[in-house]
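Single-structure report; data block below.
Bear in mind that the values in this text are calculations on the coordinates, not laboratory data. Bear in mind that the values here come from a model prediction, so they are computed numbers and not experimental data. Positions of Cβ are generated from backbone atoms using ideal geometry, with glycine treated the same way; all protein chains shown enter the neighbour counts.
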């Protein structure tokens with residue numbers, strides 16, 4: 001039996017040509033290519049955010065203005081007040097596609113196929129997450145651009161936008177973890193679809209996202225991660241301390257909102273992220289269970 | 001004799017020699033795997049596959065084929081025994097094993113959102129194939145599996161056979177020493193299956209060891225140098241296809257019965273009584289068997305042909321008329337039925353269609369008329 005090499009590449013692979021960063025890049029590339037080839041969901045998520053900006057302004061505009069005046073935001077136009085809510089909505093919607101990608105990989109066998117390669121499993125996960133975070137950034141920039149075109153103002157300028165993106169990515173990462181946990185437990189795209197709605201609307205409405213909160217809502221809003229995301233983004237949009245559920249006066253102005261909100265989001269990410277990583281590690285492990 | 005390039009663990013040796021210099025691709029002793037719910041998927045598998053062999057792994061559903069292959073591919077940790085693949089321990093040197101094997105899962109595993117070329121590029125990157133040779137390597141593989149003209153089409157648009165071929169190609173980007181094919185042709189039409197067979201033969205001729213599981217005995221017969229049959233988590237037979245046929249199958253004497261006789265209330269009943277007569281008359285040893293199906297009785301024994309006249313007489317004495325007979329060389333199906341699938345009850349098969357075909361002329365059997 002004779003052996004003819006198909007290529008010369010083989011000799012390099014016995015000790016594997018893999019590096020951690022290389023493995024990350026491979027997976028960023030794979031997931032980015034997938035979004036580029038199938039951009040429908042990507043654009044639909046931007047369209048939905050645009051609809052929200054237009055619809056909520058049209059429907060809540062007048063009521064919103066009254067509520068804003070009563071809550072001490074008399075000089076803020078409604079679309080500016082609304083922008084953080086729509087950014088949260090876009091972030092959550094996009095983040096849930098992470099779990100969808102995972103379930104599709106589990107169903108198509110690509111998950112197992114990836115496990116059986118010599119790639120570092122951590123690198124696979126980091127690569128996929130980075131591609132998804134990059135996707136969210138592009139969508140958020142489009143939404144911010146549209147909102148500004150429609151009359152919203154961001155008081156803190158370009159630096160503020162960077163901060164806004166940072167806060168949104170923390171929220172995005174949190175819900176990416178949530179959607180991966182749901183995906184691993186249910187292993188069903190339909191369930192993730194349903195979970196997106198289940199999380200998105202109650203969490204948005206039980207927060208100061210659309211209009212300033214009543215006292216009843218405020219109690220619930222304290223344990224709602226979206227409250228912290230909305231408050232932090234709004235502080236950066238308006239350039240002032242707008243924290244609704246915690247009263248921090250240790251810092252000056254914006255930081256009184258942003259620092260505690262970011263701390264809460266980071267803590268939640270650590271907890272939920274640990275659960276997601278644990279479940280993912282178990283799904284990819286070779287234990288016979 | 002063409003030059004050969006023996007594969008060693010480190011692939012550093014470019015010496016000339018024969019393929020027998022290569023270590024065993026698979027070396028397994030007492031492999032056991034019990035799931036945490038107590039299910040014993042594999043009880044005791046001991047086998048070794050020399051480098052360069054085309055090895056077939058057969059068995060009925062649930063016998064432990066896929067579990068075994070997943071242990072070899074590092075996807076499941078064995079709960080007992082020693083498993084070495086390409087000289088590496090599957091649990092202690094997992095990455096080394098992964099880098100040295102190709103694995104084609106039972107379900108077609110490709111990314112349908114990516115093109116054929118992109119799927120191969122991802123696989124190249126995942127297996128650390130050097131960038132310098134990547135483009136050439138991808139083109140070679142696309143040619144090998146006949147997908148060059150649709151290289152830039154998303155794989156989701158492919159037919160089942162094309163997807164399988166792409167899947168097989170992605171398992172080979174790194175030119176592995178050993179490739180696992182888990183029921184690679186299930187669900188394909190015969191034409192697509194033949195193309196894949198050609199392809200598997202080609203990669204084996206190029207020196208890759210192939211470990212194939214299949215339900216199609218014709219596939220095993222066509223492709224494999226050697227086979228092992230697994231049943232209830234244990235290997236019950238192994239050898240070349242011809243050896244297995246000789247050892248287990250023997251010759252097959254098929255007798256076509258006249259079902260219209262007075263004794264017959266149905267074909268099945270005739271078959272049963274004929275089978276009973278034959279069992280008494282033939283006094284078969286362990287590897288012989290008598291099977292009754294509708295209107296026919298099959299006697300499997302190493303000397304079934306020789307015994308034919310005696311058996312015909314015995315049937316005549318019992319008042320059962322024989323309308324045709326045929327002596328056939330065993331096929332792997334016979335081997336499989338005899339050793340792997342004891343649960344199939346030939347009488348139950350006959351009961352499956354009670355009295356539907358009373359007129360045996362309407363159901364011609366492949367037999368020579370007497």
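Name the shape class, rounded, prolate or oblate, that the alpha-carbon gyration tensor gives for the protein assembly as shown, where a ≥ b ≥ c are the square roots of its eigenvalues, rounded holds for a/c under 1.5, and otherwise prolate holds if a/b is larger than b/c and oblate otherwise.
Because a/c hits 1.5 or more and a/b exceeds b/c, the protein assembly as shown counts as prolate.
Need one number for region B:33-72: average projected area of the convex hull over its C-alpha atoms, nm².
3.3 nm²
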- Task: Round to a whole angstrom and tell me the spacing of the C-alpha centers of region A:60-134 and region A:17-32.
- Result: 22 Å
- Item | Whole-Å distance, taken between Cα centres, linking region B:167-235 and region A:210-289 | 53 Å
- Message: Averaging the inverse of every distinct alpha carbon separation and then flipping it gives the Kirkwood radius. What is it for region A:196-286, in angstrom units?
- Response: 14.3 Å
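If N is the number of residues in region B:17-115, what value comes out of its Cα radius of gyration divided by 2.2 N^0.38 Å? Provide the component values of the computation, followed by the final result.
Numbers: Rg = 14.6 Å, N = 99, 2.2 N^0.38 = 12.6 Å.
With N residues counted in region B:17-115, Rg over 2.2 N^0.38 Å equals 1.16.
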- Whether region B:96-173 is rounded, prolate or oblate, judged on the alpha carbon gyration tensor where a/c under 1.5 counts as rounded: oblate
- Hey, in the GNM for chain A with a 10 angstrom Cα cutoff, which one of A:230, A:36, A:48 fluctuates hardest? A:36
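Where the eigenvalues come from the Cα gyration tensor of chain A, what are the semi-axes √(5λ) of the equivalent ellipsoid, largest first, in whole Å? Mind showing how you got there, number by number?
Working: eigenvalues 331, 71, 62 Å².
Calculated on Cα positions only, the semi-axes equal 41, 19, 18 Å.
What's the FRET efficiency of residue B:44 with residue A:121 using the Cβ-Cβ distance as r and R₀ = 30 Å, to the nearest 0.05? It would help to have the intermediate numbers written out before the result.
Numbers: r = 31 Å, r/R0 = 1.04.
It comes out at approximately 0.45.
Is it possible to state the helix-based mean residue ellipticity at 222 nm for chain A, with each DSSP H run of 4+ residues giving -39500 (n - 2.57), the sum divided by total residues, to the nearest 500 deg cm²/dmol? What is it?
Numbers: 10 runs with 213 residues, N = 289.
It comes out at -25500 deg cm²/dmol, rounded to the nearest 500.
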- Note on the structure: Comparing A:75, A:241, A:105 in a Gaussian network model of chain A (Cα, 10 Å), the one with the largest mean-square fluctuation is A:75
- Ranked by GNM mean-square fluctuation in chain A (Cα springs under 10 Å), the top entry among A:138, A:124, A:59 is A:59
- Query: How many nm separate the modelled label positions at residue A:48 and residue A:106, each set 7 Å beyond the Cα in the direction of the Cβ?
  - Reply: 2.1 nm
- Across every pair of different alpha-carbon atoms, what Kirkwood hydrodynamic radius in Å does region B:193-261 reach? 14.5 Å
- Note on the structure: Taking only the alpha-carbon positions of region A:64-165 as identical scatterers, the Debye log10 I(q)/I(0) at q = 0.25 Å⁻¹ comes out as -1.30
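Let a ≥ b ≥ c be the square roots of the eigenvalues of the Cα gyration tensor of region A:126-249; is it rounded (a/c under 1.5), or, if not, prolate (a/b larger than b/c) or oblate? Please list the in-between numbers first.
Values: a/c = 1.97, a/b = 1.24, b/c = 1.60.
Oblate shape, in that a/c is at least 1.5 and b/c is the bigger or equal ratio.
On alpha carbon coordinates alone, what is the Rg over Rh value for region A:120-182, Rh being the Kirkwood radius?
Radius of gyration relative to Kirkwood radius: 1.08.
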